[in-house]
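Here is the structure we will look at, set down as structure tokens.
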Amino acid sequence: MDHQITAPAPNGSDLCLPCGLCCEGVLHGYALLAATEMAQAQRMGLQPETRDGGHLFPLPCPLYHGSGCPTYRDRPAVCHDHQCELLANYLAGEMGLAECLALAEQIHGMVRAIRGRLGAVDPAKRIWLQAEEYRQQRGGGDEELRRTDAELARDLASLKMLCRRHFNPRGIGTGPRG
Ligand code: SF4
């Protein structure tokens, strides 16, 4: 653990803005909205939809471009209220900013490397979906991937494990955010 020198910014924005792993769809597949937020989300370009009676917008967020959120002040409630385990630890003083950012950067690096191996860099598509399409193209499931592309299979497993250990999302890449 590195030592906390300054207090976290309100809501941990000093961590979340450069991190953005939930915005990029690495941890979740969609973010829930209130019915009253749908019109505003549409205006913001979030491509909101109604599914099974619930309201949401798909992730990756089309507004996040790796260096922050252009609508951070006006973001939906779920983005404002969501706290992954890393953010909760940071706000509680259990982890320092440098340590948290290093972990986020480690995961970003793994995502970049995996996307490179998948041979398709489409930031609008979740990495888990790209991996699934890659598996299907190769005509097999996890076992086939382990046999033919052990390095990729190992990196996907490591990424999933790191996300679970430090961010504790419910259903990596597919579950809701918030
Ligand atoms: S993954 Fe956690 S630390 Fe990163 S932006 Fe989302 S809530 Fe903030």
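The values are calculated or read from the model by the stated rules, or taken from the named source; none is laboratory data. What you see is a predicted model, and the numbers here were worked out from it, not measured in a lab. So basically every Cβ, Gly included, is an ideal-geometry build from the backbone, and we count neighbours across all protein chains shown.
Looking across Ala102, Ala113, Ala7, one residue alone is more than 11 Å from the ligand (Cβ to nearest atom), small (Gly, Ala, Ser) and not in a helix (DSSP H, G or I). It is Ala7.
None of Leu27, Leu15, Leu21, Leu46 is surrounded by 13 or more Cβ atoms within 10 Å (Cβ to Cβ), touching a residue at least 12 places away in the same chain (Cβ under 8 Å) and more than 12 Å from the ligand (Cβ to nearest atom) except Leu46.
Regarding Ala41, is this residue surrounded by 13 or more Cβ atoms within 10 Å (Cβ to Cβ) and at pLDDT 95 or above? Considered against the rule, which asks whether it is surrounded by 13 or more Cβ atoms within 10 Å (Cβ to Cβ) and at pLDDT 95 or above, Ala41 comes out as yes. None of His108, His55 is touching an Asp or Glu at 6+ places or on another chain (Cβ under 9 Å) and more than 16 Å from the ligand (Cβ to nearest atom) except His55. Among all residues of the range 119-131, there is none that is among the aliphatic types (A, V, I, L, M), surrounded by fewer than 14 Cβ atoms within 10 Å (Cβ to Cβ), in contact (Cβ under 8 Å) with a residue 40 or more places away in the chain and closer than 22 Å to Asn168 by Cα.
Inspection of the range 73-88 finds no residue satisfying the criterion of being of a type in the set (Lys, Arg), closer than 28 Å to Leu156 by Cα and surrounded by fewer than 17 Cβ atoms within 10 Å (Cβ to Cβ). Tally time: how many residues in the range 63-95 are outside any loop (DSSP other than H, G, I, E, B), within 11 Å of the ligand (Cβ to nearest atom) and hydrophobic (A, V, I, L, M, F, W, C)? Selection size over the range 63-95: 6.
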